[in-house]
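Any read-out appearing in this document is the output of simple, stated calculations on the displayed coordinates, not a laboratory observation. Because the structure is a prediction, the values reported are computed rather than measured. Note: ideal-geometry Cβ built from the backbone for every residue, glycine included; neighbour counts use all protein chains shown.
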Amino acid sequence: MTVHHGELVAGVPAEVAPGVVRLIAPNPGRMTGPGTNTYLVGSDRLALIDPGPDDDVHLARIVDLFGDRIGWILATHTHIDHSPLSRRLHDMTGAPVIGFGPPPPSRVVGPTGIDPHDADFAPHRRMGDGDRLDLGDVQLEAVWTPGHASNHLCVELTGTGLLFSGDHVMSGSTVVIAPPDGDMAVYLESLEKVKARGPRRIAPGHGAMIEDPAGVLDEYLRHRIERERQVEQAVRQAGSAGVTAAQVVEVLYQDVPEDLHPVARYSVWAHLRKLHDEGRLIAADREDPDAPWSARPPGDPRRRQA
Ligand SMILES: [Zn+2]
C-alpha cells in the first residue's frame, strides 16, 4: 500500500501519526471542507473513527484498503456526514458500531430548518466520558464534548496527546452550532474541557492536522466571545422593537457569502439563546429564532452578570 503524506485528497490514504491513517471521503463542500476525515487507528486490529456519509466509493475504498482488519467502528457524533456509513461497514466487516448514543429526536425549526442527524444510527456499544476502548497495543479514551451535537465525543489515543476531535474543532472550516441540539454555552465549556487536557496534536473531522492545539483552541474561544459581544450589541442597537436572528445575520455577516447566511442564522440563534439564559436578552420565544429578541436594560435585576 502506498501511503502519502499531508495531502488532502479524497481516497488517498495518508499516515498522519504513527499507527494512524487518514482517508478522506469524497464529500467536499462549504461545511465539510475537503471531505469527512475517516481515521484508521492501530497496528493489527484497527479502530475506524468516523465512517462518513453513506457513499459507495468511500465504502469500497475503506473495504479494499482495510476491510479484513477493521475491529471497531466508532462515530464521534451522529451527523449525516459522519455516522451513516457505519451500517454497511458493519454488515461487511462484522465490527461493532460504537458511539455516545442514538441521535436526539428530530426538532427541525423554521423554513430553512435542516435535521443534520443520522436518524438510523444505533450503536452496538456506547462510550461515555472517560470510557476506554482497548485495541490490543493501544487504547482510545472517549471525551464527551457536547455543544456542536449533544452526543459528540472526542477520542484520545491514550498516552500520545493525539486527539481525534470530530466536529468539535475543525481545520479550515467553521464549526456550526445549530440549536436546539447544538448549544453555545455547552460548546464553550467543552472547548475549555479539551483545552484543559492539553492535547499535543489534533486530528479533526475535516481538514488538515492541527499542530498548535493550544493556539487554535484559544482562537476558537476568542472568536466566539467576540461574536457574542457583536450579537448583543446588534440587539441593543435595534431598540425595544427587537430583532430576529436573520436580521442580526444581515448586520454581522456582510462579508460572508449569502449561501452561508441560513447556517449563520443558527449560530446567531445559539448566541441569542445563551444571552437569554444569562438574563441579558428578552426572547419573545426562545425556540423560534425569527421571533423578536430585545435587550434587557442594564439595571434590571433579572440580568445576571455573565
Ligand atoms: Zn457535525
Under-5 Å amide H pairs with Val169, H placed in peptide plane, nonlocal only = Gly205
request  = Under a 10 Å cutoff between Cα atoms, tell me which one of Arg22, Arg125, Arg265 has the largest fluctuation in the Gaussian network model of the chain.
outcome  = Arg125
query = Between Glu226 and Asp56, what length comes free when the chain is fully extended (0.36 nm per residue of separation minus the Cα-Cα distance, one decimal in nm)?
reply = 57.0 nm
Residues in the stretch 22-57 reached by a label modelled at Thr160 [backbone nitrogen below 11 Å; 7 Å Cα→Cβ] = 22, 40-43, 47
Total charge dipole magnitude, the stretch 220-295, about the Cα centre, Cβ charges on Lys, Arg, Asp, Glu only, Debye to nearest 20 = 360 debye
Rh by Kirkwood over Cα pairs, then Stokes-Einstein D for the stretch 236-284 at 1.306 mPa s and 10 °C, µm²/s = 140 µm²/s
inquiry  = If Rh is defined by the Kirkwood formula over all Cα pairs and Rg also comes from Cα, what ratio Rg/Rh do you get for the chain?
reply    = 1.00
task = Could you rank the peptides 128-134, 116-122, 215-221, 272-278 by their average count of other C-beta atoms within 10 Å per residue, with the highest value first?
result = 272-278, 116-122, 215-221, 128-134
key: the stretch 199-232-the stretch 33-79 distance, computed between alpha-carbon centres (Å)   = 25 Å
message = Can you compute the charge dipole magnitude of the stretch 14-211 about its Cα centre, using +1 on each Lys and Arg Cβ and -1 on each Asp and Glu Cβ, nothing else charged? Give it in debye, rounded to the nearest 20.
response = 240 debye
inquiry  = Can you say what percent of the DSSP beta bridges in the chain, counting only those with both residues inside, are antiparallel? Round to 5.
reply    = 70 percent
key: Added length on full extension, which subtracts the Cα-Cα distance from 0.36 nm per residue, Gln237 to Asp137   = 30.2 nm
query = Between Arg125 and Arg303, what is the spin-label point distance in nm, taking each point 7 Å from the Cα along the Cα→C-beta axis?
reply = 5.2 nm
